[in-house]
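Data block below; observations after.
A short reminder: the numbers here are calculations on the coordinates, not readings from a lab. Keep in mind that this is a model prediction, so the values were computed, not measured. Heads up, the Cβs are rebuilt from the backbone with ideal geometry, glycines too, and the neighbour counts pull from every protein chain shown.
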Amino acid sequence: MKQVDNSKLLWGMVIDLDKCIGCGACSVSCQAENNSPFKDDESDKLRSMTWLKIYRLHNHKEFPEYREAYLPRPCMHCDHHTPCVSVCPATATTKDEEGGIVSQIYTRCIGCRYCVAACPYHARYFNWFDQHFPAGTEEYLNPDVSVRMRGVVEKCHFCHHRWMLAKQEAAYKGEDTSKVTYTPACAEACPTGAIYFGNLKDPESDVAKLSKDPRAFRLLEKLGTQPKVYYLTSRDWVKEWSDNNMTDAPAAGGH
Amino acid sequence: MKPSRRRFLQFSMGAAGAFLFTPINWKLMDDVAIWTQNWSWVPVPEDGARAYTTTTCRICNGGCGIKVRLIDGKRAVKIEGNPESPINRGGLCAWGAAGLQYLYMDENRVPGPMKRDRVTGVRTRLTWEAALELAAAELKKAGGEGTAIVNGRKRSTMNGLIRQFAADLGAAHYCEPCDGGDVQKAASELLLGRPGRYGFDLERAQVILSFNAALLEGWASPVRMMRAFGTWMSGTEESRARLFQVDPRASLTASKADTWLPAKPGTETIVALAMANVMIAGNMVAPEAAGAPGFDQFKSLAEAYSPSKAAELTGVEADQIREAAEAFAKAERAVALSGQGHGNTPEPLSLAWAVLALNGLKGNFNKEGGVYLTPEPPGLDLGAGVENGSLLELAKGVAQGKEKLSALLLFESNPLFNGPDPAAMAELMDKTPLVISFSPFWDESTKKADLILPDLTYLERWDDVDTPLGMPYQAVSVTKPIFAPRHKGAPTGDVLAKLTKALGKTPPFAKYEDALKARVAKLQATGHGLAASEEPAAPMDLLGSGPGKGWGSAEEAFEEVAATGLWYNPSGQGDQVTLSFEKTLEVKPLEPKGDAQHYPYPLVVFDTARVASGFYANPPFVTKIIEDDFLLKKDIFINIHPETAHALHLKEGSKVVLESETGQGWVGVHLTQGARPGVIYLPAGLGHTTFDPTLKDKGLSGAAMVEAVEDPHNGQPLTFLGRAKLRKA
Amino acid sequence: MTDDRNAKQKSKGGILFFLAGFVVMLIFGWAVFPALLYSTAQQPVSFSHKKHLEGAGMECEQCHSFREDGTFMGTANMTGNFDGACLNCHDDPETMQGADPRETYFLKEYVVKGVKRIEWKVYSKQPPCVFFPHAVHTVKAELECATCHGDMAQQDQPPVYKENRLSGYSIDIWGRNISGLTSNSWESMKMSDCGACHEERGTANGCQVCHK
């Protein structure tokens, strides 16, 4: 295996929770782009496959001080000691050498669900059953993303296939494939422009700048997994919820 | 040598040993692995050339530009926002993103024309020839005086064609359900003597007062509103625009607003008048308003609602009212707007009028960041003289035997579900011997229809959307077919032309596409307007700045408008008006119907960002992301304050019966501090009895639970506020 | 004594049977098993690359081209967005372009009958979980087509198509030699081949680079 080199390219996301209105356009766009199935009843949220799940937070206050906020949660693509990757016995999930996206290879997955248990963000979903596409809906399946079979785990992949398609196009046109940028389906659809995506190592990128914003934080930073998804908020109670009330200083990336 | 067990074993041992030196083991292992990775029942989407078609979303009347990704031109695999459309600039809402499910969920689509036997309920497929012949014969038999038309396509050129059809038919009853735009027209007539719609320059406003509109949850032109919010929240905390939301609950919009003014349901008009009071008392009124005729009348009305008096009546703190009014009055660019939920149903006229009056006091008409009195773009002027009547009145008349109906035609309307008063609509449909539905979907009313002449979905037909609600400039978005129809539906515009011919009249256009071309020709003839493109990045900056570019010919204009999906005219001038307060309305809090003794709790039916409540029902992808304290298995959850729950000995997750004069059903209980104590909140749009299993029989329909209040000022049914009680069965 | 001899005879006989079993299994494994594992088929049209390239002076890209977005179109067919779509030249069922009896068959069975599509059997077809961008390999990395596909230009007769009965993919993925040993890069197209080449060239080798 090649040495991981994140010095030039590290895909990351910044979600501005001040702008996020929880409309669900990101989550639905993600489902449509990534051939997500749906069941007759999706109210059991532990079994509902939503790679980009939207959590509702509130400020614990009483009427009429009560307020709600929404927090979209894709895969965090943890950069350090990625919990799912470190437990996978089948090497079905790895952190990519280039770009740092945490992959999930369905055909390699043996369905042991260690990663589901290891993920601190509940970002992984297991296919207990065969996915069902009611009559007619197989027609809208996107050829760029595999349909998953029963018995494997799936999760957000930062629309990795869009990057590959962009690279392919750049290669064809004789452009520099290492400079290719792309936009995942969620960021593309977001009506308020709350989702930023780009290269965290490019100091000129929105994500690099915003990740250093004083409003920025990450989920469960104390675990030291260095998520590549950042959130912005100017509301303290949102930050508190999101940090799961872990107020200690984040560990400096120890094991 | 005789075979023996020992020899056989020796042979086997040899074979087994050799097996290790054959490719069988590792080859089979490899093949079996590949076999297990490629089950035949796991679909493999066919690959091909990717291409995008630009069109317009038609799920609501928001007019968002979309791009549909096609594979080999025959499979649509994804809908994305069109960055070139200034309305949504690439953004989407959840419904728009799930749009392909309207096209591809076969079980929700009427596959072709069919008739239904009322007695047996058996449906028979018809050819289009037979269906049209049958429809024409039945309509002739019914005669114009016994025919009613319900037109749910009022914001499209289809509106003119359906009106014209009503005229040709001599239909005695023609009904367009009242929506937010109609209330705007009435309010504008009262205050400005101009019965027209108006739009809001939200993008450039610094202070926004929103009364009851689900501004961030799908009101008017949803993505445009959401985008505007994104703009407000850009920049530093100090430089951001301020949103004040008057709302009966801590809705998402109220939560995201800088200030939530939690008005008791039905008292929003009083909050608006109290703000007017603050402005008048503080000499913060624009001179043109202070000098307008009848200002004293308005002044004395507003004086009756001092902030402290209003606080008593509305439950909003006096300081909040003062703060909002002052922020609004003092900001360089400020705008006030009102609405009800997604804007499909009307808000009280008094509210729209009072809020428009606030804008008048601010003096922001046709000004940057204010209200633009934009005239409707020229249309085809079809069906002149057709009067719009009330469907609810008609239903009551029929129920009481005063009226008799022999045919009812439904165009993109589902009165059995959406009402007003679904029970009355059911009776109306029962008593009408012929119900014809033109819906492409198996909605409740279509399931009951005697004859279905199914339309195509918006992705398979020509269509257009007239200037969306709240738009400060003229905009006509064009929808075009992305490919050949999937089922045997036919565009209603074309069907109407054929029916008109069969009835012995001459249709204005042989097919809908021609009508659309004629419309675009009218737009082109104005000499104004642009097609969607990346420039100008901020069309608002062009507002009122003079003439735009023109096209050489109508054909040229149609070609470009159809290709880009939009004609819009940001350069047009707003109507010049004179403010008049002479028609001052009498204002009272809205009182829900029903016996307060028997049904002690006000019931608020609210629209949310996750449930569509209009003609288009929720698609599976959107229903999938509804929270589990909102919909759990088949139960919808009402929102009540913990105090209310405590008084009734209920707790989170309890199951109770919600009962009103008009209906009852099981609901779950969700406790939230976002609810006003003593009020029950029920989300709208669920409770369908048809459609696929993701939606069918889930929850309770809000429309069925509320007895509409008649608006004292224009008689329109107000359906968001009722009375109910909770009962442990 | 007799017991001893008996034992010796038995053990000699034992080796014999053991060896017999050994040899039978070897024959089965190396000769019979591959024959059983694959079904064989001919291409629907016996297409001659050689005739088209040398005889008609066509270019590879006319039939195997890219779309503007860099996606690869695969193999030309009767019609379609290819320069080399069959009907672009073989449009007249009466007129032969060459003198090959195979062309007569093609004209009679496809052109005259108006068949829209030739169901080519693709030797290099990969499972649906594989993403293979031709442009990155041929345009950017400047690999020859032959590196993976062999020198097709010289081929007058399409090879017999052998399909694995279990996995459903062509024998050319594993390689025509059942041992899996190859001496040329185009003889097999397994994941290990992709990985080895990426490793050798030091290019990205993450799972998702090739998997979707």
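Some values worked out for this structure:
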| item | result |
| --- | --- |
| Residues with amide H under 5 Å from that of B:L261, placed H, sequence gap 5 or more | B:Q245, B:V246, B:D247 |
| Residues of type lysines that B:K330 reaches as a straight line, Cα spacing below 16 Å, ignoring anything fewer than 8 places off in the same chain | B:K362, B:K367 |
| CD proxy at 222 nm, helix term only [per DSSP H run n ≥ 4: -39500 (n - 2.57); per residue of chain A; nearest 500] | -5000 deg cm²/dmol |
| Inter-label distance, nm, simple model (7 Å from Cα along the C-beta direction), C:E119/A:D44 | 4.1 nm |
| Net charge of neighbours whose Cβ lies under 15 Å from the Cβ of B:K140, counting Lys and Arg as +1 and Asp and Glu as -1 | 0 |
| Fewest-first sequence of B:Y372, A:Y55 by Cβ atoms within 10 Å of each Cβ | A:Y55, B:Y372 |
| Cα-Cα over 21 Å, subset of B:K624/B:K725; A:K19/A:K39; A:K155/B:K634; A:K45/B:K624 | B:K624/B:K725; A:K19/A:K39; A:K155/B:K634 |
| Computed [θ] at 222 nm, deg cm²/dmol, chain C (DSSP H ≥ 4; -39,500 (n - 2.57); rounded to nearest 500) | -8500 deg cm²/dmol |
| Cα-only Debye scattering, region B:523-591: base-10 log of I(q)/I(0) at q = 0.11, 0.13, 0.16, 0.17 Å⁻¹ | -0.44, -0.52, -0.63, -0.67 |
| Cβ-derived FRET efficiency at R0 30 Å, B:A384 paired with B:E559, nearest 0.05 | 0.50 |
| Residue order, fewest to most beta carbons within 10 Å, for B:E403, B:E368, B:E145 | B:E145, B:E368, B:E403 |
| CD proxy at 222 nm, helix term only [per DSSP H run n ≥ 4: -39500 (n - 2.57); per residue of chain B; nearest 500] | -9500 deg cm²/dmol |
| Violating pairs (Cα-Cα greater than 23 angstrom) within the set B:K67/B:K696; C:K51/C:K190; B:K480/C:K212; B:K480/B:K511; B:K264/B:K309; A:K173/A:K209 | B:K67/B:K696; C:K51/C:K190; B:K480/C:K212; A:K173/A:K209 |
| Vicinal HN-Hα couplings computed from phi for region B:438-453 (Karplus, 6.51 cos²θ - 1.76 cosθ + 1.60; Hz; Gly/Pro x) | 9, 6, x, 10, 7, 6, 4, 5, 5, 4, 8, 6, 7, 9, 10, 10 |
| Length released on extending from B:T259 to B:A525, taking residue separation times 0.36 nm less the Cα-Cα span | 91.2 nm |
| Amide H contacts under 5 Å for B:V285, placed H, 5+ residues apart | none |
| Chain A: Cys lacking any partner C-beta under 4.7 angstrom | A:C20, A:C23, A:C30, A:C78, A:C88, A:C109, A:C112, A:C119, A:C159, A:C190 |
| Centroid-to-centroid separation of region B:1-64 and region C:26-90 [C-alpha atoms, Å] | 24 Å |
| Built amide H within the under 5 Å cut-off of B:F581, gap 5+ | B:G294, B:F295 |
| Using a Förster distance of 25 Å, the FRET efficiency for C:D151-C:E200 (Cβ separation, nearest 0.05) | 0.70 |
| Stretch gain in nm, segment B:E582-B:E643, where the contour uses 0.36 nm per residue and the Cα spacing is subtracted | 17.5 nm |
| Ranked A:E138, C:E61, B:E176, criterion: other C-beta atoms within 10 Å, fewest first | C:E61, A:E138, B:E176 |
| Pairwise label distance in nanometres, B:K633 with B:A399, each label 7 Å out on the Cα-Cβ vector | 3.4 nm |
| Reachable aspartates and glutamates from B:K593, criterion Cα separation under 18 angstrom, eight or more residues apart if same chain | B:E268, B:E347, B:E393, B:D421, B:E659, B:E661, B:E707, B:E710, B:D711 |
| Directionally averaged projected area (convex hull, Cα atoms, region B:420-529), nm² | 9.7 nm² |
| Set of lysines near A:K61 by C-alpha distance (under 17 Å), chain-local residues within fewer than 8 positions excluded | A:K239, B:K256 |
| At most 15 other Cβ within 10 Å, DSSP loop - trypsin sites (Lys or Arg not before Pro), region B:359-434 | B:K402, B:K404 |
| Inter-label distance, nm, simple model (7 Å from Cα along the C-beta direction), A:E65/B:A49 | 6.3 nm |
